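Trainee: Provided herewith is a single structure, encoded as structure tokens, for subsequent inquiry.
The values are calculated or read from the model by the stated rules, or taken from the named source; none is laboratory data. Model, not experiment: these values are computed from the prediction. Positions of Cβ are backbone-derived with ideal geometry, glycine not excepted, and every protein chain shown enters the neighbour counts. In case anyone asks, the SASA skips ligands and DNA or RNA and just uses the protein heavy atoms, side chains included. Shrake-Rupley method; radii C 1.70, N 1.55, O 1.52, S 1.80 Å.
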Amino acid sequence: MLIVQISDLHISSPGTDTYGHAPMAGNLQKCVDHINRFEPKPDVVLVSGDICDSGALDQTERAADILNQLTIPYFVIPGNHDLRETMFKTFGEVHCPAKDDRFLQYVIEGFDIRMIAMDSVIAGQSGGEICAERVKWLDEQLALEPAKPTILFLHHPPFKFSVPETDEDGFLGSDAFGDVVEKYSNIKRVMCGHIHLLTHAAWRGTIVSTAPSMGMQLDLDLSMSKPSGFVLVEPSYLVHHWTPQKNLITHTITVRDVDGPYPFATI
Ligand SMILES: [Fe+2]
Ligand SMILES: [Fe+2]
């Protein structure tokens, strides 16, 4: 099974680049075209939030116009730059099968891996939260299939990554969320976005991964002594491969022109 993850699209209004610099709509188009050509064909695409840049309807619709060109089923969750109501209305139940627009959380069934989509947004704030209500919902969903390989995906990573986007913005409810995660040995990965970097870290008996942005990479400063900023890079996405040996292996695919392939020498 192949799960594609794209994150932090930050699509701006039509006719503009994000913050005047980042050609995010063009980057998303390149990625969508690339994913559609990927062999073997992926099973599902997960979009882990910050789909648009300021929650505006025209931005969300611009993102949807491009994502709707995917020939693979795709699902969305909100990030701190999105508005739940706008997202829910724009993407509809097909791509966001939440029961209501209060928390955009749901479970994707019917694949070799069960995927639990979580909503870590605090309306109007940059930081994340999994509140008591959302923890309870997660525990109930996990209890239904405690033996089936499962991944969680949510926008905010649930602990400090030594970047302002986690350490200063914060994450409420991390301990209670982690207590539930630790109860279940079938959680193969917690997939996040938000920090605009590819990272992997051990947490509560599983692994948390954060996906790169689609071209706006965090200007990494682990001393956190300068204002947070981004550098423009080629867009990339993740392919999570659930192998026949039941390992979840993650590849980073950068969309760019390359020279090759050339054969390796045989020895
Ligand atoms: Fe973002
Ligand atoms: Fe974010």
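Trainee: Take segment 201-224 and flag every residue that is aliphatic (A, V, I, L, M), open to solvent by less than 20 Å² (accessible area, probe 1.4 Å) and more than 19 Å from T18 (Cβ to Cβ).
Mentor: The answer is V208, and nothing else.
Trainee: Another question, if that's okay. Among the residues of segment 178-198, which ones are more than 20 Å from K246 (Cβ to Cβ) and open to solvent by less than 30 Å² (accessible area, probe 1.4 Å)?
Mentor: Within segment 178-198, G178, V180, C192, G193, H194, I195, H196, L197 meet the criteria.
Trainee: Kindly indicate whether V181 is over 20 Å from M1 (Cα atoms), in contact with a Phe, Trp or Tyr (Cβ under 9 Å, 6 or more places away or on another chain) and not charged (D, E, K, R).
Mentor: Answer is yes for this residue.
Trainee: Only one of (1) open to solvent by 30 Å² or more (accessible area, probe 1.4 Å); (2) within 16 Å of ligand 2 (Cβ to nearest atom); (3) of a type outside the set (K, R) is not met by V163, so which one is it?
Mentor: In the conditions (1) open to solvent by 30 Å² or more (accessible area, probe 1.4 Å); (2) within 16 Å of ligand 2 (Cβ to nearest atom); (3) of a type outside the set (K, R), V163 misses (1) alone.
Trainee: Here's a follow-up. Enumerate the pairs (first residue in segment 77-95 and closer than 22 Å to I130 by Cα; second residue anywhere and open to solvent by 30 Å² or more (accessible area, probe 1.4 Å) and within 14 Å of ligand 1 (Cβ to nearest atom)) with beta-carbon separation below 6 Å, excluding pairs fewer than 6 apart on the same chain, so at least 6 apart or on different chains.
Mentor: Matching pairs, first to second residue: N80/S126.
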